[in-house]
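What follows is a single structure, written as structure tokens, with notes after it.
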Amino acid sequence: MRILLVVFSMFCSLAHSQQIAQNLFGQYRTALYQIKIIELESGNKSSIGSGFQIDISGNIVTNYHVVSKYVYNPDKFRIEYLAHDGSQGQLQLVDVDVVNDLALVRKVDLSEQENAFPIAQTLPLQGSDIYSLGNPHDLGMIVVPGTFNGLKKSSFYQRIHFTGSINPGMSGGPVVNKNGEVMGVNVATAGNQIGFLIPLEKIQALLKSQDAQVLKSEQFKPRIQTQLLANQNKLFSLLNNQTWQTTELGDAIIPSKITDFISCWGGSNTSDKEALYLSVENRCQLDEQIYLHHELRTGGVEVEFEWLDGKSLGEHRFYNFYSQSITGAGAGNNATKTDVTNFICEQDKVTNINDVTNKTVLCLRAYKDFEKLYDVLFVAATLDHSQQGLISHFTLAGVSKESALVFTQKFMDAIAWQ
């Protein structure tokens, strides 16, 4: 009997969820759109996503990454929408929030009957049923039921953890509560029913641009630059003003946790019985980056330490091996020569406040479109032991010179001998 009650309860819950999904489909399909980026030369779509209307003035919310081709090449692309009934129209760019992957676009021409999604006032309770809407693969509008699991823990770039399938083409679509009120925007999936949404607070901030003038093409990148600079100032103020926890690595003491939203892991070659040296690693990384276009991401942080013990190699062989170990470091983010300059590097010999002496290499490359922003690559190798050593390495993406130098000093002074 108990099993029958459980099965009946599950059936009723599923039926209720399906009914809500059907109601959402019927009520809001006229306010949900496929967003198309059209290549002007061919007249065909180059990429697609989803978007949803938020007022009768024709303002539509979508993801920044959906319209990024147009942002970077407004002379080669245009933005269009496709409605549920097959009607199409052109869109203008009103505003972007590149840090949170949001964009606001506006219809050029309005119809006599415009429909809009209401915006929620608060997030639902954890465990509540929510519904993801979008236009994947040119299939038309679909509704995907899922579960609100709260805000993603230990995250600098705030996201909602959603249990449900976010499919290609659903990016920029709304996620609504049972009343049809928008409380998130589809942005990414990790597969296996794990999705991530841009939360309500970020949507509400974007909606302050509802009455703004349409951006001119020459305003796109300055608007993005302002947002990137503000974001990096916030990020590195947190990192540079925080007390870093330390741990032992070989004979050294290193930073082990510089903040809650940067995850760390370790490893070693101790299981390799044929290894001629001991290698023990500690790596930390900010898991999220900011999407600018398909070949450029920024906003990342990577920190790595490797303890090397080569007593069995002898001093000469260890020196050669140790010297080669610091030459393989590279940038931590995707970028091309179109977007950044070549790295310019400076070498130095530095003794920190704990009397640890390092050979250091500090490299910077500038962003061509965003003044005052740089990618930073730093490598240091201790010089205090003849057959042992610590290699310290970090990469920063999209940071000012001032923030990078403060971080570098804090990074070096956090290293000590036991």
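Do we find a residue being touching a helix residue (DSSP H, G or I) at 6+ places or on another chain (Cβ under 7 Å), assigned to a loop (DSSP other than H, G, I, E, B) and surrounded by fewer than 17 Cβ atoms within 10 Å (Cβ to Cβ) anywhere in the range 105-117? Within the range 105-117, one or more residues are touching a helix residue (DSSP H, G or I) at 6+ places or on another chain (Cβ under 7 Å), assigned to a loop (DSSP other than H, G, I, E, B) and surrounded by fewer than 17 Cβ atoms within 10 Å (Cβ to Cβ). Somewhere in the range 51-58, is a residue small (Gly, Ala, Ser) and surrounded by fewer than 20 Cβ atoms within 10 Å (Cβ to Cβ)? Yes, some residue in the range 51-58 is small (Gly, Ala, Ser) and surrounded by fewer than 20 Cβ atoms within 10 Å (Cβ to Cβ). There is no residue in the range 170-182 that is under 25 Å from Leu373 (Cβ atoms) and either in a strand (DSSP E or B) or open to solvent by less than 10 Å² (accessible area, probe 1.4 Å) (or both). In summary, Val144 fulfils each of the numbered conditions (1) in a strand (DSSP E or B); (2) over 15 Å from Leu24 (Cα atoms); (3) without any contact (Cβ under 8 Å) to a residue 40 or more places away in the chain with the single exception of condition (2). Filtered by the rule that a residue be assigned to a loop (DSSP other than H, G, I, E, B) and free of Cβ contacts under 8 Å to residues at least 60 places away in the same chain, the range 247-258 gives a lone residue, Ile258. Exactly one residue out of Tyr28, Tyr70 is in a helix (DSSP H, G or I), among the aromatic types (Phe, Trp, Tyr), at pLDDT 95 or above and open to solvent by less than 50 Å² (accessible area, probe 1.4 Å): that is Tyr70. Of all residues in the range 387-418, exactly one satisfies the criterion of being acidic (Asp, Glu) and touching a residue at least 12 places away in the same chain (Cβ under 8 Å), namely Asp413.
If you take the residues of the range 204-240 that are among the β-branched types (Val, Ile, Thr) and open to solvent by less than 80 Å² (accessible area, probe 1.4 Å), which of them is farthest from Val399 (Cα to Cα)? Give the derivation first.
Residues of the range 204-240 that are among the β-branched types (Val, Ile, Thr), as a first pass: 214, 224, 226.
Checking which are open to solvent by less than 80 Å² (accessible area, probe 1.4 Å) leaves us with 214, 224.
Values: Val214: 29, Ile224: 14 Å.
Among those residues, the one meeting the criterion is Val214.
Note on the range 81-99: residues that are closer than 14 Å to Gln227 by Cβ and either open to solvent by less than 20 Å² (accessible area, probe 1.4 Å) or among the aliphatic types (A, V, I, L, M) (or both) total 4. Kindly provide the set of residues from the range 241-271 that are surrounded by fewer than 16 Cβ atoms within 10 Å (Cβ to Cβ) and over 30 Å from Gly310 (Cα atoms), ordered by number. Answer for the range 241-271, where residues must be surrounded by fewer than 16 Cβ atoms within 10 Å (Cβ to Cβ) and over 30 Å from Gly310 (Cα atoms): Asn241, Gln242, Thr243, Asp260.
The values are calculated or read from the model by the stated rules, or taken from the named source; none is laboratory data. What you are looking at is a predicted structure, and each value in this text was computed from that prediction instead of being measured. Using ideal geometry, Cβ is built from the backbone for each residue, glycine included, and neighbour counts are taken over all protein chains shown. These area figures cover heavy atoms from the full protein model, side chains too; ligands, DNA and RNA do not enter into them. Shrake-Rupley method; radii C 1.70, N 1.55, O 1.52, S 1.80 Å.
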